[in-house]
Amino acid sequence: MKGTQTKKMNIFTAGAIVLCLASAYGFLFYAVKSLNNEASLLRRGIALGEEKERMAVSEKILLQGLEEGRRELNGYFVEGDDPAVLIKRIEELVKKSGVLLSVSSLEPDKEKRNVLVAEMSLAGEFPEIFHFLSLFEQTPLGVTVKSAALGVAADSAMSGWEGNIMAEISHFISEK
């Protein structure tokens, strides 16, 4: 009987040890799973943070590009009612083409809003005058040449061509 009782005790002890080990295994499995879930959430959070940072950097670069483009576009317009900037642009075209130019009149059109009427006299060789007119019409100022009269210079001191131009220039006055 002693042997049976020892066997029972050994079986009971072995069962208790197996039960304790199974409980410990279950607890450790649950703890590892919880830590793994937390680590996964942290990794997702870090990934989202990195993605937001990348997006913020790309948005900043995009905004800088847009700012540069906006400044460039603003450079095409005369600020307010100041025709001096427009005259400077026309003078730049004159330098590029090599013609002699005098602006006799630069006034707002009485019938059309945001339109200037420019009357100019120019002199030079025909290719230079043609080059100036091409540059003038291709400016982003909305130039429409209403009339142009060219002819051989009548003045004996001048050689080449001379002429008069009347043009409408729009997109130069900012809306207020």
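The values are calculated or read from the model by the stated rules, or taken from the named source; none is laboratory data. This is a predicted model, so every value here is computed, not measured. Methodologically, a virtual Cβ is constructed for each residue, glycine included, from the backbone with ideal geometry; neighbour enumeration extends over all protein chains shown.
In the range 86-99, which residues are at pLDDT below 85 and more than 17 Å from V117 (Cβ to Cβ)?
Pass one, the range 86-99, residues at pLDDT below 85: 86-91.
K88, E91, listed by residue number.
Report yes if some residue within the range 155-163 is assigned to a helix (DSSP H, G or I), over 39 Å from the mean Cα position of the chain (by Cα) and surrounded by 11 or more Cβ atoms within 10 Å (Cβ to Cβ); otherwise report no.
no
Go through the residues of the range 113-120 one by one and say whether even a single one is surrounded by 15 or more Cβ atoms within 10 Å (Cβ to Cβ), within 36 Å of the chain's Cα centre (by Cα), small (G, A, S) and modelled with pLDDT of 85 or more.
The answer is yes, given that some residue of the range 113-120 is surrounded by 15 or more Cβ atoms within 10 Å (Cβ to Cβ), within 36 Å of the chain's Cα centre (by Cα), small (G, A, S) and modelled with pLDDT of 85 or more.
Identify the single condition in (1) part of a helix (DSSP H, G or I); (2) modelled with pLDDT of 90 or more that S134 does not satisfy, given that it satisfies every other one.
(2)
Taking K7 as the residue in question, decide whether it is within 60 Å of the chain's Cα centre (by Cα) and assigned to a helix (DSSP H, G or I).
Spelling it out, it is not the case that K7 is within 60 Å of the chain's Cα centre (by Cα) and assigned to a helix (DSSP H, G or I).
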